[in-house]
């Protein structure tokens, strides 16, 4: 009878340990799945941020190009005006020498 009791107790303890191990395994699996989801979300967020940064850089490049073109146009206009004034001054100088 004593052997039967010890065997039953050992089996009961084994079942308790097995149940506890299974629960721990399930919790570890669940935690792993949650971590995987969190990493996927973080990866998507990083990808979105990189795309946004790329778009911002492209937009800044376009704006810089437009500003450069405007500056060139202003310089060209200023150069043309200076050339016209120089021509006028030269013409006046020539006219004053003729008299």
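No lab work stands behind these numbers, since they all come straight from the coordinates. Everything quoted here is computed from the prediction, not taken from an experiment. Note that each Cβ is placed from the backbone with ideal geometry, even for glycine, and that neighbours are counted across all protein chains shown.
What label, among [x] 14.7; [y] 15.5; [z] 22.4, belongs to Kirkwood radius over Cα pairs in Å computed from the structure on display?
Entry [z].
Can you give the helix-only mean residue ellipticity at 222 nm for the chain, where every DSSP H stretch with n ≥ 4 adds -39500 (n - 2.57) and the sum goes over all residues, rounded to the nearest 500 deg cm²/dmol?
Taken over the chain, the calculation gives -37500 deg cm²/dmol.
Angle check, please: helix 2-98 long axis (alpha carbons) against the longest principal axis of the chain (alpha carbons), in degrees 0 to 90, nearest 10.
The answer is roughly 0 degrees.
Need one number: nm distance between label points at residue 74 and residue 89, each 7 Å from Cα along Cα→Cβ, rounded to one decimal.
Using points 7 Å along Cα→Cβ, the separation is 2.3 nm.
Could you check the spin-label model distance between residue 15 and residue 42? Points 7 Å from the Cα along Cα→Cβ, value in nm.
Rounded to a tenth, the inter-label distance reads 4.3 nm.
At 7 Å along Cα-to-Cβ for each site, give me the label-to-label distance between residue 58 and residue 24 in nm.
Calculated label separation equals 5.3 nm.
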